[in-house]
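Working notes for the structure below.
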Amino acid sequence: MSVSREEFINKLKEGKVLLYRCKRCSNLQLATIVFCRMCNSDEFEVVEEEGKGRVVTFTILYVPPEGYERYTPYGWAVVRLDSGINISGFIDVKSARDLPLDSRVRIVGYDGRGILLKAENSSSSSSSVLTEVTN
C-alpha cells in the first residue's frame with residue numbers, strides 16, 4: 001500500500017503522522033520514503049502515529065530564505081516523535097528561552113510552509129502557531 005502526498009498532508013493537519021513499517025525487516029520510517037532505508041524493500045504496512053515528541057534541536061531564523069521574510073523571527077525544530085522517527089517543522093518561538101531542548105511538542109497542522117509544531121505547554125491557539133509579522 002502506498003500513501004499519497006495528499007493523504008500524508010491531511011493526516012498532518014489532524015496532528016498525526018503516517019509511517020511505513022517494512023514487512024521484511026520491521027524498520028519504521030516516514031511514509032514519504034518509497035524504499036526501506038535498511039533493506040531496500042518496497043513492501044510496507046501503513047502505521048498512524050500521534051504527532052507528539054520531544055525537541056532534539058532547533059534554531060531561530062532572523063535572516064530567512066526568500067519568501068519567508070514576513071514570518072521572522074521563526075523557529076525551525078527537529079523533533080524525535082514518540083516512535084523514534086525524526087521530523088522537522090516550524091514552531092512559534094522567538095527566543096531560545098522559549099523552547100528548552102527535550103520540550104514536548106506536537107504537530108498542529110500543515111500549510112504552504114510545511115509542518116507546523118507547537119509546544120505542548122503552550123497556551124496559544126493552534127491558529128497562531130506561526131505569527132505573521134507585518135511591517
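The values are calculated or read from the model by the stated rules, or taken from the named source; none is laboratory data. Just so you know, these numbers come straight off a predicted model, no measurement behind them. Note: ideal-geometry Cβ built from the backbone for every residue, glycine included; neighbour counts use all protein chains shown.
Mind checking whether some residue in the stretch 39-46 is within 30 Å of Ser2 (Cβ to Cβ) and hydroxyl-bearing (Ser, Thr, Tyr)? Looking for residues that are within 30 Å of Ser2 (Cβ to Cβ) and hydroxyl-bearing (Ser, Thr, Tyr), one finds at least one in the stretch 39-46, hence yes. Working only within the stretch 34-86, note down all residues that are more than 14 Å from the chain's Cα centre (by Cα) and of a type in the set (A, V, I, L, M, F, W, C). Scanning the stretch 34-86 gives Val34, Phe35, Cys36, Met38, Cys39, Phe44, Val46, Val47, Ile60, Leu61, Val63.
Of a type in the set (Gly, Ala, Ser), within 12 Å of the chain's Cα centre (by Cα) and over 12 Å from Val17 (Cα atoms): does that describe Gly89? Considered against the rule, which asks whether it is of a type in the set (Gly, Ala, Ser), within 12 Å of the chain's Cα centre (by Cα) and over 12 Å from Val17 (Cα atoms), Gly89 comes out as yes. Of all residues in the stretch 71-82, none are touching a Leu at 6+ places or on another chain (Cβ under 8 Å), modelled with pLDDT of 95 or more, surrounded by 12 or more Cβ atoms within 10 Å (Cβ to Cβ) and not hydrophobic (A, V, I, L, M, F, W, C). Here the condition is being exposed (fewer than 12 other Cβ atoms within 10 Å of the Cβ) and either over 20 Å from Arg106 (Cβ atoms) or not aliphatic (A, V, I, L, M) (or both); of Arg5, Arg21, it holds for Arg5 alone.
Just one of the listed residues (Ile107, Ile60, Ile33, Ile91) is surrounded by 13 or more Cβ atoms within 10 Å (Cβ to Cβ), out of contact with any Leu (no Cβ under 8 Å at 6 or more places or on another chain) and modelled with pLDDT of 90 or more, namely Ile60. All conditions but one from (1) modelled with pLDDT of 95 or more; (2) assigned to a loop (DSSP other than H, G, I, E, B); (3) not charged (D, E, K, R) apply to Val133; the one that does not is (1).
Of all residue pairs spaced 6 or more apart or on separate chains, those with beta-carbon atoms under 7 Å, a first member in the stretch 10-25 that is among the hydroxyl-bearing types (Ser, Thr, Tyr) and a second member that is not in a loop (DSSP other than H, G, I, E, B) are Tyr20/Gln29; Tyr20/Phe44; Tyr20/Val46.
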